[in-house]
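Derivation of every value follows stated rules applied to the coordinates shown; laboratory data play no part. Just so we're clear, the structure is a prediction, and the values are computed from it rather than from any experiment. Here Cβ is always computed from backbone atoms with ideal geometry, including for glycine, and neighbour counts include all displayed protein chains.
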Amino acid sequence: MAFKPRKRSTDITPRMREWADSDTACLLGFPAYKVGMRRVGIIEDNTSPAKGMEVALPVTVLETPKITIVGIRVYRTTLAGAVCIGDAMASGLKALGRIGYGKDKVAKPAHDFAWIDGLKDLSGVGVLAITNPDVAGTPRKRCDFIEIAVGGKNIADKLAFAKGILGKDVSVKEVFTDGEWTDAVAVTRGHGWQGAVKRHGVAKQRRKSTGKVRHVGTLGPWTPHYVMYTTPQAGQHGFHRRTQYNTRILIIDSDPTKINPSSGFPHYGTVKSDYVVIRGSVQGTQKRFVFLRKGVRAHGAPRKPQVLWIAG
């Protein structure tokens, strides 16, 4: 009952509702594509009975090809919340022809920042970026158009950083480091229309109770005389936007030969560009878009793990 209503996500590329705080000017997230799972051996450095010992962990491999920064977006806080003032799009990029940039957006050439510098009471700065899946191992050809917030102490630092990377390619190593805590935001695996037993985990009925087994025993009390929204019922199961907090990055590398199995990853193929290995599992299927955001509930400073071997 923590997520209502349980309906299909409107977009495979999730939007961020919050961002982490950062004193240094940097990007607060990076997109990736789910590849598959493997096993690694590390020296456990968390607070556990196995601390200092070699442990085998399941990990998820995410391919992170470089992204191209194509625009800058500025915000101003009003009584109705943060409102987008306009976008400064990079000029002369062939990649701009591959995105469906809406005509209703206020776009100005990137070489003219006078209109941004003259604005006052700005509350936030973000960059518009596109992914490059054609250089990765995924069979996707269409790029994803995303917005990434920029961190910093003040608006001036954020604007200076955004102007410096406009029109350039940014790699995942410029955003994250080994051992850093991150949040994985993605759309879960879809299961279609399912009943209340699988969808909500309610108990099955006895064989002779009502002649039905996999159904809800009651739809609610006599009063109030209506079915409440918390009542378990059949409906869409899966393909929901979910956030997995505090997933730890174990490996960031650019050499795919270290992670690719001899036969390739099932339903994906082989990794061909930069990749990230995070501890545990991540929601979604292979080739699913996953956004790695700097952890809003991070467990302190990053600690680089000691990785011994990769198998599986």
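Only the Cβ atoms of Lys and Arg (+1) and of Asp and Glu (-1) were treated as charged; on that basis the dipole of the chain about its Cα centre amounts to roughly 1920 debye.
Hey, what angle do you get for helix 155-165 against the long axis of the chain, alpha-carbon based, 0 to 90 degrees rounded to 10? Compared with the principal axis, the helix lies near 80 degrees. Using a simple spin-label model with pseudo-atoms 7 Å out from Cα toward Cβ, CYS84 and ASP45 lie 4.0 nm apart. Taking amide H positions as modeled 1.01 Å from N, with prolines and chain starts lacking one, the residues under 5 Å from VAL290 and 5 or more places away or on another chain are ALA32, TYR33, LYS34. If R0 is taken as 51 Å, the Cβ-Cβ distance between THR24 and LEU219 corresponds to a FRET efficiency of 0.40. With each label modelled as a point 7 angstrom along the Cα→C-beta vector, the LYS7-ARG189 pair spans 2.6 nm. A simple rule links phi to the HN-Hα coupling: the Karplus curve 6.51 cos²θ - 1.76 cosθ + 1.60 with θ = phi - 60°, which for the stretch 55-69 gives 10, 9, 10, x, 9, 10, 9, 10, 8, 10, x, 4, 9, 10, 7 Hz, with x for Gly and Pro. Values (i) 21.5, 81; (ii) 26.5, 110; (iii) 22.8, 77 are given for comparison; Rg and Dmax of the Cα atoms in Å, derived from the coordinates here, is the one labelled (iii). Where q = 0.08, 0.10, 0.13, 0.19 Å⁻¹, what log10 of I(q)/I(0) comes from the Debye formula for the stretch 153-312, counting one point per Cα? So the normalised log intensities work out to -0.44, -0.63, -0.86, -1.28. When you count the other C-beta atoms within 10 angstrom of each residue and take the mean per peptide, 31-41, 184-194 line up highest first as 31-41, 184-194. Using C-alpha pairs under 8 Å with a sequence gap of at least 6, the mean separation divided by the residue count of the chain gives a relative contact order of 30 percent.
Based on C-alpha pairs under 8 angstrom that are at least 6 apart in sequence, the stretch 162-312 has a relative contact order of 37 percent. In terms of its C-alpha gyration tensor, the stretch 122-222 comes out prolate, because a/c is 1.5 or above and the ratio a/b outweighs b/c. Once you reduce the stretch 188-236 and the stretch 244-265 to the center of their Cα atoms, the two points are 40 Å from each other.
Lys and Arg at +1, Asp and Glu at -1: add these up for the other residues within a Cβ distance under 10 Å of GLY124 and post the number. Surrounding charge for GLY124 is +3.
The spacing between the stretch 16-60 and the stretch 127-168, judged by their C-alpha centroids, is 22 Å. Projecting the Cα atoms of GLY124, MET53, PHE3 onto the charge dipole of the chain (Cβ charges, centred on the Cα centre) puts PHE3 farthest toward the positive pole. As a calculated quantity, the FRET efficiency between ALA114 and ASP253 at R0 = 35 Å, using C-beta atoms, amounts to about 0.25.
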